[in-house]
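Asker: Below is one structure. I have some questions about it.
Read the figures in this text as sums done on the coordinates, not as results from a lab. Being a predicted model, the structure only gives us computed values, none of them experimental. We place every Cβ from the backbone using ideal geometry, glycine too, and count neighbours over all the protein chains shown.
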Amino acid sequence: MPAVKPSPRGAVAPLPTLVLATLLSLSALASTSWAETLEVRIGLISREPQEYIPLSSLEIPIENDGLEGAMQGVRDNNTTGRFTGQAFSISPVALEGDDASGALRKLHAEGLRLFLVSLPAEALLALADLPEARDSLIFNIGAPDDPLRTQDCRANVLHTAPSRAMLADALAQYLAWKRWQKWFLVVGPHPGDQAYAAALKRAAKRFGAKIVEEKAWTFEAGASRTDSGHFNEQQLANSFTQVDDYDILVVADEADEFGEYLNYRTYRPRPIGGTQGLIPAAWSGVMEQWGATQFQRRFRDETGRLMTPLDYAAWLAVRSIGEAATRTQSADAQVLRDYILSPDFELAAFKGVPLSFRDWNGQVRQPILLSEPRVLVSVSPQQGFLHQFSVLDTLGYDRGETQCGRD
Amino acid sequence: MLQRTSALLGLCLLAPLGAQAYTAYVSSEKDNTITVVDGERLEIKKTVEVGARPRGIALSKDNRALYVCTSDEDHIEVLDLASLEVTHNLPSGPDPELLVLGPQGRFLYVANEDDNMVTVVDVEDRSKVTEIQVGVEPEGMGVSPDGKWLVNTSETTNMAHFIDIAKHEVVANVLVDQRPRVAQFTPDSQQVWVSSEIGGTVSVIDVATKEKIKVIEFAIPGMRRELIQPVGIRITDDGSRAFVALGPAARVAVVDTKTFAVEKYLLVGQRVWNLDFSPDQSRMFTTNGVSNDMSVIDMEKLKVLKTIPVGRLPWGVVVAP
């Protein structure tokens, strides 16, 4: 009996002999027979990360954020690909400068038509508008900006990263369930913080909360690092939060500069949520429901770290490509896009319900996790929030609320 | 009590084949236990501690031992059903989740969820015979009663892999809906039924052609489609009915195997996953993972008789004569 040997873990492409051996014995999978392996090549364009020191000494600096998630997707796809005659690979480009267009052109010239992009909204749109991108399909794995889903939509762009509106709505639904309806909003100095705050304000309106107080954070935080620095934080946060009563402090601090220093230091004994405290996110290392234990373990064994939301968005994009390629037996960007946006597309993604894409703006529909640093607290949509099509569409911009998909 | 026991004993001695006494065994993933339940009186007889994260369980050919996938121990524990003690371990490959015993009773086929493998274990030699590479997160294991086929499902690859038992080779792969969980053959070995937890369907595959002949969908009035998540499947010995556990829908669907129509939905505990019949097929037992109990169904009336609390996160159930 010829023993089938396992392919080495972490191999991006399967062993060709294995593919052939399997192909020879394939009869049932489909009506097609494969003369040779169908190659599905995927590019990943991101910026070389800046030197980043995590806020907490408990956190290990994350390497290859996003790329590792994409690699896990490639490994998963290739295991399936051994049976379907498809081989997936990823070509990562980490930009040192700003020439994302050059990177895409180069990959395009090499024949790639499928791209994962982790860049700010402006750079993403510039890529989508390149002539080379016309016959390509781009997955936005990083930019949470709502305008990309409401007005600046592109037919060749799908979003596996959740929008800020989805995150804020997920938090707001949970707070509505808790009846913590009076919010104290604290907003950081960066444009991302302002956008996150805008999403929180929209969510408050949608789900019956009231922002009873709003303040801008303008101080330097981080003195805890110096000896006795905690005393400084303690006093600053205490006086900053002396406001009229509220139920929860919601904080918009995407850069993770000060939000953590508000927790336990507020004038009133109130909890914190938003970018710190109770955090809405597409993924978290604490997640172990719906088969996530295996998924997390696989990732940790391979990378030695926990999976981040960016990794998860990258994995979702690669798995969406894989699922569409398996079902359509194609690697053509247009064929894959049409299938992904069709009602037939479903993806199991360790969240207990099938994920799919909104056909009006290319946003993936997905439950959003609400977690604190050690355990999962809840998952939105919350029970009781209904929708005529999918309860997942209670998160983010619904069909009627965008200008997209109307042309 | 004493009287009754001796009367029962007498009965057993007189008519050993007609004896009604049977026992249900339930694995509890979170408590690391096997709960032993008197199948007739529906009372817990004992709770046995086993290794970490027991999930799939299967009876030995002679019904004297229970094979337990203790997933986090990376082996299979063999529980002697007379002494209720673990007598030895079997090698299994990493993270064994579900297992099925081949028709001869010698080989166990084990799904290694972390490793994309099906491991073949010789229960007599207590050794690993071979490994068969399958898709991502192998899960469901079904063996055809005629002994020719083993079907394994892979949760992330979304396939039913047909393995030729004689050759230990994958010879066909059938794509099914998202996250396939359980594979169950019909008694005549002509069909295999595969549940898709996230797809919300059961695919009926013709074994001869390896093609799907029906995709069964489920609809419960007033319930969101996403909550209907088929997992466990059992088919009656006469092949007339299939029972499908629907997970968070807290229902078991009763399906006519000729028409593939759902006859009825039985309300059971929360997150119902696995099922098994009593030896005389008069009762069915279900594991309900969220409500931490087991529902007992009267098969004639198609009604729930009783709910028995068991350990935390009950996972698998088998019934032994």
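Asker: Would you mind ranking B:LYS301, A:LYS351 so that the residue whose beta carbon has the fewest other beta carbons within 10 Å leads the list?
Answerer: Values: B:LYS301 8, A:LYS351 23.
Fewest-to-most ranking of B:LYS301, A:LYS351: B:LYS301, A:LYS351.
Asker: Need the list of lysines near B:LYS258 for cross-linking: C-alpha distance under 19 angstrom, and skip anything on the same chain fewer than eight residues off.
Answerer: Partners found: B:LYS210, B:LYS212, B:LYS214.
Asker: Same structure, new question: Magnitude of the Cβ-charge dipole of the stretch A:290-354, K/R +1 and D/E -1, about the Cα centre, nearest 20 debye? Could you put the intermediate results ahead of the total?
Answerer: Working: 8 positive and 8 negative charges, 64 e Å.
For this selection, approximately 300 debye.
Asker: Related question: Contact order normalised by length for the stretch A:262-370, with contacts defined as Cα pairs under 8 Å and 6 or more residues apart; what percent is it? Working shown, then result.
Answerer: Numbers: 109 pairs, mean separation 28.7, N = 109.
Dividing the mean separation by the residue count of the stretch A:262-370 yields 26 percent.
Asker: Have a look at B:HIS161, B:HIS88, B:HIS75 and tell me which one the Gaussian network model of chain B (Cα, springs below 10 Å) gives the largest fluctuation.
Answerer: Greatest mean-square fluctuation among the candidates belongs to B:HIS88.
Asker: Using a simple charge model, +1 on the beta-carbon of Lys and Arg, -1 on the beta-carbon of Asp and Glu, nothing else, what dipole does chain B show about its Cα centre, in debye to the nearest 20? Write down the numbers at each step before the final one.
Answerer: Values: 32 positive and 44 negative charges, 222 e Å.
Roughly 1060 debye, rounded to the nearest 20.
Asker: Starting from the Cα of A:GLN388, move 7 Å in the Cα-to-Cβ direction to define the label point; list residues of the stretch A:141-170 whose amide nitrogen is under 19 Å from there.
Answerer: No residue passes the distance filter.
Asker: Additional query: Please compute the average number of Cβ atoms from other chains found within 10 Å of each residue's Cβ in peptide A:347-356. Present the calculation step by step, with values, prior to reporting the outcome.
Answerer: Working: counts 5, 12, 4, 4, 1, 8, 9, 11, 2, 0.
Across A:347-356, the average partner-chain Cβ count within 10 Å equals 6.
Asker: Taking chain A as a Gaussian network, Cα atoms linked when under 10 Å apart, which of A:SER371, A:SER57, A:SER101 shows the biggest mean-square fluctuation?
Answerer: Between A:SER371, A:SER57, A:SER101, it is A:SER57 that shows the largest mean-square fluctuation.
Asker: With point charges of +1 on the Cβ of Lys and Arg and -1 on the Cβ of Asp and Glu, referenced to the Cα centre of the stretch A:62-138, which listed residue (A:LEU137, A:GLN86, A:MET71) lies farthest in the positive direction of the dipole?
Answerer: In the stretch A:62-138, that residue is A:GLN86.
Asker: For B:THR33, which sequence-distant residues (separation of 5 or more, or a different chain) have an amide H within less than 5 Å of its own amide H, given hydrogens modelled in the peptide plane?
Answerer: Long-range HN contacts for B:THR33: B:SER28, B:VAL50.
Asker: Could I ask something else about it? For the ranges A:274-284, A:241-251, what's the packing order if you count other beta-carbon atoms within 10 Å of each residue, average per peptide, and put the highest first?
Answerer: In descending order of packing, they fall as A:274-284, A:241-251.
Asker: If you don't mind, another one. Quick one: order B:HIS168, A:HIS387, A:HIS159 by neighbouring beta-carbon count within 10 Å, fewest to most. It would help to have the intermediate numbers written out before the result.
Answerer: Numbers: B:HIS168 20, A:HIS387 13, A:HIS159 29.
Lowest count first: A:HIS387, B:HIS168, A:HIS159.
Asker: State the answer as a single residue: which of A:LEU386, B:ALA166, A:PHE295 lies farthest towards the positive end of the charge dipole of the protein assembly as shown, with beta carbon charges of +1 for Lys and Arg and -1 for Asp and Glu, about the Cα centre.
Answerer: About the Cα centre, the residue reaching furthest to the positive side is A:LEU386.
Asker: Residue by residue through A:287-298, how many Cβ atoms from other chains fall within 10 Å of the Cβ on average? Don't skip to the answer; put the middle values down first.
Answerer: Values: counts 0, 0, 0, 4, 9, 0, 6, 10, 4, 0, 4, 7.
Per residue, the average neighbour count from other chains is 4.
Asker: Hey, if you put +1 on the Cβ of every Lys and Arg and -1 on every Asp and Glu Cβ in the stretch A:165-281, which of A:PHE184, A:ASN238, A:THR218 ends up farthest toward the positive end of that dipole?
Answerer: So the residue furthest toward the plus end is A:PHE184.
Asker: I'd like the distance between the alpha-carbon centres of the stretch A:310-327 and the stretch B:31-108, rounded to an integer number of Å.
Answerer: After rounding, the separation between the Cα centres reads 37 Å.
Asker: If the only charges are +1 at each Lys and Arg Cβ and -1 at each Asp and Glu Cβ, what is the size of the charge dipole of chain A around the Cα centre, to the nearest 20 debye? List each step's numbers first, then the result.
Answerer: Numbers: 39 positive and 50 negative charges, 249 e Å.
Once rounded to the nearest 20, the dipole reads 1200 debye.
Asker: Counting only complete DSSP H runs, which helices of chain A cover 27 Å or more along their long axis at the Cα atoms and score a mean Kyte-Doolittle of -0.5 or above?
Answerer: Details: long enough: A:309-328 (28 Å, 0.14).
Those that pass (Cα extent of 27 Å or more, hydropathy at least -0.5) are A:309-328.
Asker: To the nearest Å, what is the center-to-center distance of the stretch B:261-284 and the stretch A:251-292, using C-alpha atoms only?
Answerer: Taking the Cα centre of each part, the stretch B:261-284 and the stretch A:251-292 sit 42 Å apart.
Asker: A further question on this structure: Need the full-extension length gain, A:VAL286 to A:GLN403, defined as separation in residues times 0.36 nm minus the C-alpha distance. One decimal, nm.
Answerer: Separation in residues times 0.36 nm, less the Cα-Cα distance, equals 38.5 nm.
Asker: So how do A:SER239, B:SER71, B:SER282 line up by other beta-carbon neighbours within 10 Å, fewest first?
Answerer: Numbers: A:SER239 9, B:SER71 27, B:SER282 13.
With the fewest neighbours first, A:SER239, B:SER71, B:SER282 line up as A:SER239, B:SER282, B:SER71.
Asker: So, one more: Under 1.5 on a/c is rounded, so check that first for the stretch B:207-321, then, if it is not, pick prolate when a/b is larger than b/c and oblate when it is not; a ≥ b ≥ c are the square roots of the alpha carbon gyration tensor eigenvalues. Walk me through the numbers before you get to the answer.
Answerer: Working: a/c = 1.65, a/b = 1.23, b/c = 1.34.
Oblate, because a/c is 1.5 or more while a/b does not exceed b/c.
Asker: Percent relative contact order of chain B, based on C-alpha pairs within less than 8 angstrom and at least six residues apart?
Answerer: On the way: 967 pairs, mean separation 38.9, N = 321.
Relative contact order for chain B comes out at 12 percent.
Asker: Could you work out the mean count of beta carbons from other protein chains within 10 Å of each residue's beta carbon in B:167-179? Walk me through the numbers on the way to the answer.
Answerer: Values: counts 3, 4, 7, 6, 5, 6, 11, 4, 8, 0, 3, 8, 9.
Across B:167-179, the average partner-chain Cβ count within 10 Å equals 6.
Asker: If you average the alpha carbon positions of the stretch A:348-407 and of the stretch A:157-176, how far apart do those two centres end up, in angstrom?
Answerer: 7 Å
Asker: Reachable aspartates and glutamates from A:LYS210, Cα under 15 Å, same-chain residues fewer than 8 places away excluded?
Answerer: Within reach: A:ASP169, A:ASP244, A:ASP245, A:ASP247.
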